[in-house]
Amino acid sequence: MPSSTDPEATPPEAGDDTTPAAVPGQRDTDPGPHTARTESDTAPSPAEAAANEAATQATPEDPAPTTTANADAQPTADAADAADSGDATSSTADTLAERATGTAEAAASETAAQAPPEDPTSTTTANAGTGPVEPAAGAADADADGQARAGEARPRRRRVAVLVGVVGELLITAGLVLALFVAYSLWWTNVVANQEASRDSDAVRDQWAAAEDESGGDDDQPPVFDPEDGIGFLHVPAMTDDVILVKEGIGLDVLNGGVAGYYDTPVESAMPWDEEGNFSLAAHRDGHGAKFHGIDQIEEGDPIVFESSDTWYIYRAFAILPETSRYNTAVLNAIPEESGATEAGRYITLTTCTPVYTSRYRYVVWGELERTERVDADRTPPEELRAAD
């Protein structure tokens, strides 16, 4: 039911004193269907026309105008005071200020829209006046990725460092083991072999002395010896000052004892007291006593003397073969033709490994018996050995 207070609820009747009087220049804000429009209602008032003209000259066109020249489209509340020129002027100023503000906001919005996109690495503030500057999302992600990569790299570096350390320790250990092996091979084995050879040499001489006492000085008895203990001693002043014990065999179990051995295979050696043949010997050149280490110091014409229990056998070097195959057994023949010998005789052959510290080839020296001397009671050496002293 329409309210009695709404003047538009019912049309006013003619002659009704309650109908409000029309205000000059004022239009109804919502004309009812029964209200007739007049030309004066649709035409803008002088105040509105002045305001529109001033706004057009003062500011650029508002992209979103709030009023139109058509009074029927949007009437203003200021029309009620249009009769008062002072009120119209004040209303016009307020309108211009509002429009200027709207224009400034629109310009700011357009400028923001045309601005380049924000740099992902730049920083923003949560509160321009109070909050601290925080890193942008992109920078934070980059830092996180960098920290993650650094975290992954650290264990990898640690593993590499551990591996390098282990390899280094293994190399150092291998070097120490190799150094110890070299020291063992070239020094300690010499010490042990020389001690063993010295004991065996003393045993052989003691045996000779005992055999001489039993024979009562009878020179007709053959020499007594045990090949396993030793058959005599080799003296080569040009090669070494040592007196070298000679045993049977050329196996390592014999030669490692710091002695020389006579061949029993593949060619059987003759003995010095035989009427003819080749007395062939071998010994180590390095380690285990290294009795033939200086064999390359021997020259043609140097004496080579073998001492038995009752005889000195004096040989003279006549041929040298610095290098030959270790499988060359012809150098051990009864007539060693590679030495230049052409007929049977009483020869001596010395063989050892070459080059130094290897066993790839063989070094050979040949000698031929020059004379023999009987051993006297004082075991006086022959002149060749005395001259060397």
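Rounded, prolate or oblate, given the Cα gyration tensor of the stretch 249-298, with a/c below 1.5 counting as rounded?
Oblate shape, in that a/c is at least 1.5 and b/c is the bigger or equal ratio.
By its C-alpha gyration tensor, with a ≥ b ≥ c as the square roots of the eigenvalues, how is the stretch 276-341 shaped: rounded for a/c under 1.5, else prolate for a/b larger than b/c, else oblate?
Note, shape of the stretch 276-341 comes out rounded.
May I ask for the distance between the Cα centers of the stretch 295-309 and the stretch 271-285, given as a whole number of Å?
Using only Cα atoms to place each centre, the spacing works out to 12 Å.
Could you tell me which of rounded, prolate or oblate describes the stretch 170-217, using a ≥ b ≥ c as the square roots of the eigenvalues of the alpha-carbon gyration tensor, with rounded for a/c under 1.5 and, failing that, prolate when a/b is larger than b/c and oblate otherwise?
Cα axes put the stretch 170-217 in the prolate bin.
Any chance you could look up the accessible area of R205 with a 1.4 Å probe, heavy atoms only, rounded to 10 Å²?
Approximately 80 Å² of R205 is accessible to the 1.4 Å probe.
Can you check what the net charge comes to around E384, using other residues whose Cβ is under 13 Å from the Cβ of E384 (Lys, Arg +1; Asp, Glu -1)?
Around E384, the surrounding residues sum to -3.
Mind listing which GluC sites (Glu not before Pro) in the stretch 334-389 are in a DSSP loop and have 13 or fewer other Cβ atoms within 10 Å?
Here the sparse-neighbourhood loop sites are E343.
Gap in Å between the Cα centre of the stretch 234-261 and the Cα centre of the stretch 320-389?
The two parts, judged by their Cα centres, are 13 Å apart.
The values are calculated or read from the model by the stated rules, or taken from the named source; none is laboratory data. Bear in mind the structure is a predicted one, so any value in this text is a computation, not a measurement. Please note: Cβ atoms are built from the backbone with ideal geometry, for glycine as well, and neighbour counts cover all protein chains shown. When the accessible area is computed, the model is the full protein with side chains, heavy atoms only, and any ligands, DNA or RNA have been set aside. Shrake-Rupley method; radii C 1.70, N 1.55, O 1.52, S 1.80 Å.
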